[in-house]
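> Please read through the structure below; I'll follow up with questions.
The values are calculated or read from the model by the stated rules, or taken from the named source; none is laboratory data. Note that this is a predicted model, so its numbers are computed, not measured. All Cβ positions, even for glycine, are placed from backbone atoms using ideal geometry, and neighbour counts span all protein chains on display. Just so you know, the surface numbers come from the protein's heavy atoms only, side chains and all, with ligands and any DNA or RNA stripped out. Shrake-Rupley method; radii C 1.70, N 1.55, O 1.52, S 1.80 Å.
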Amino acid sequence: MFSYRHAFHAGNHADVLKHMTQVALLHYLGQKDTGLTVVDTHAGAGVYRLDQDHARTSGESDAGVFRLQAAARQAQAQGEGVPEMAQAYLAQVQAFNPGAQWRTYPGSPWISQALLRPQDKLKLFEVHPTDAKLLDKQVAELGRGKQIEVLRRSGFEGLKGLLPPPTRRGLVLMDPSYELKTDYQAVVDCLEDALKRFPTGTYAVWYPVIARPEAHALARKLKSLSTRAGRAWAQAELNVGLTPTEGTSTQVAQGRSHTAMRASGMHVINPPFTLAAQWRETLPWVTQALKEATGSGWTVEHGQP
Ligand SMILES: C[S@@+](CC[C@H](N)C(=O)[O-])C[C@H]1O[C@@H](n2cnc3c(N)ncnc32)[C@H](O)[C@@H]1O
């Protein structure tokens, strides 16, 4: 039985990087009229409360989306600019929060459904019984009929049956909890298979940057599998660093400090040609807004076939 519940982590620094990228991808792919199929292989519950138990217990959104919101408000008050990619993400969160105090955080299915056009489809895989039930209920309340489908089975296994999509235009979001050690290799195997079935799709994978050999290897394997498949790729990492009580970054790298995850990455295969430049413009500002006392930073790399 899985114990990971995204409600504890909604709106943290990893969600900021992931969802900011997702908004940028959906805006870009939405420029062409042909229908788009969005597949979310690890959907979670869909939408989260920021003012209730799970989020308040962890406080992760305070150091994530709320810090970013405060930085944007301060920049605006001082007449300074906010990078467009961050603005578009914050506007998306704001759209679910009519008042000044944000209470709702949109997970990846909610961001997708908000940006879906009538000709697009959304397929959501989720295996956790509680989250799948919540997702089912929340999707049913949207009343969008067959446009949005919840599939209570493994996204790693179910993806192949959806590729290639009928219109040959698709975005696959892959965001496992990596609770199982086998998830790291499952990501690689699943992508290799998907790229054979649908080489021109856009694939966006989130991964943790933590002191674990599988995690280090995954960041590298994602680049080499994209190159082997002859596809362009872009990869960004955001590290928010450590608070004074969390130990040195050397201790964290060596796995000797018990700390929350401080860094994560996004790997995008067949990215919009604008993505790497957007990240380079935005991540210094985001890092400045979210950084802790020491060790923060960001990287952007990209490769051509
Ligand atoms: C990190 S959370 C997803 C968060 C969501 N993508 C978002 O950004 O709002 C990962 C989710 O994947 C689910 N999960 C784990 N293994 C899965 C699998 N093989 N197929 C589908 N869902 C899975 C977990 O129950 C969890 O809800």
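> DSSP beta bridges in the range 6-303, what fraction antiparallel, as a percent rounded to 5? Don't jump to the answer; show the numbers that get you there.
Numbers: 25 of 41 bridges.
Antiparallel bridges: around 60 percent, rounded to the nearest 5.
> Starting from the Cα of PHE96, move 7 Å in the Cα-to-Cβ direction to define the label point; list residues of the range 26-59 whose amide nitrogen is under 12 Å from there.
Zone members listed by number: 44-51.
> Report the extension gain between ARG228 and ALA260 in nm, rounded to one decimal, defined as 0.36 nm multiplied by the number of residues separating them, less their alpha carbon distance.
Numbers: separation 32, 0.36 × 32 = 11.52 nm, distance 3.37 nm.
8.2 nm is the gain from fully extending ARG228 to ALA260.
> Report the FRET efficiency, 1/(1 + (r/R0)^6), for LYS196 and ARG152, where r is their Cβ-Cβ distance and R0 is 45 Å, rounded to 0.05.
Working: r = 26 Å, r/R0 = 0.58.
Efficiency for this residue pair is about 0.95.
> Short version: ³J(HN,Hα) in whole Hz for each residue of the range 165-173, in order, from phi by Karplus 6.51 cos²θ - 1.76 cosθ + 1.60 (θ = phi - 60°), x for Gly and Pro, what are they?
Per-residue couplings from phi come out as x, x, 8, 6, 10, x, 10, 10, 9 Hz.
> Are there any trypsin sites (Lys or Arg not before Pro) in the range 27-76 that are in a DSSP loop and have at most 16 other Cβ atoms within 10 Å? List them by number. Provide the component values of the computation, followed by the final result.
Numbers: sites: LYS32, ARG49, ARG56, ARG67, ARG73; in loops: LYS32.
Taking the range 27-76 and a limit of 16 other Cβ atoms within 10 Å, the loop trypsin sites (Lys or Arg not before Pro) found are LYS32.
> Continuing with this model, one more query. Cut-off under 19 Å on the C-alpha distance; same-chain residues fewer than 8 positions from LYS291 excluded. Which lysines are left, in chain and number order?
LYS18
> In Å², and per residue, what accessible area does the range 80-190 have when probed at 1.4 Å with the other protein chains present?
On the way: 5140 Å² over 111 residues.
Accessible area per residue: 46 Å².
> Calculate what fraction, in whole %, of the accessible area of the chain sits on carbon and sulfur atoms when a 1.4 Å probe is rolled over the protein chains.
Details: 7220 of 13720 Å².
Whole-percent figure for carbon plus sulfur exposure: 53.
> Please go through the residue pairs LYS32/LYS121; LYS160/LYS223; LYS121/LYS160; LYS32/LYS146 and name each one whose alpha carbons sit more than 18 Å apart in this structure.
Numbers: LYS32/LYS121 15 Å; LYS160/LYS223 21 Å; LYS121/LYS160 16 Å; LYS32/LYS146 22 Å.
Listed pairs above 18 Å: LYS160/LYS223; LYS32/LYS146.
> Further, regarding this structure: I want to check the label-to-label distance for ARG49 and THR182. Put each point 7 Å from Cα in the C-beta direction and report it in nm to one decimal.
3.5
> Oh, and also: What nm distance separates the two modelled labels at THR130 and THR299, each placed 7 Å from Cα along Cα→Cβ?
That separation, rounded to one decimal, is 3.6 nm.
> May I pose another question? From the helices alone, meaning DSSP H stretches of at least four residues, give me the mean residue ellipticity at 222 nm for the chain, per-run term -39500 (n - 2.57), in deg cm²/dmol to the nearest 500.
Details: 11 runs with 126 residues, N = 305.
Value at 222 nm, helices only: -12500 deg cm²/dmol.
> Test of understanding: in a Gaussian network model of the chain with alpha carbons linked when under 10 Å, which of LEU124, LEU225, LEU290 would top the mean-square fluctuation ranking?
Among LEU124, LEU225, LEU290, the largest mean-square fluctuation in the Gaussian network model of the chain belongs to LEU225.
> Based on the Cβ-Cβ distance from GLN74 to ARG144, what FRET efficiency comes out when R0 is 30 Å, to the nearest 0.05? Before the final figure, lay out each step's value.
Details: r = 37 Å, r/R0 = 1.24.
So, using R0 = 30 Å, E works out to roughly 0.20.
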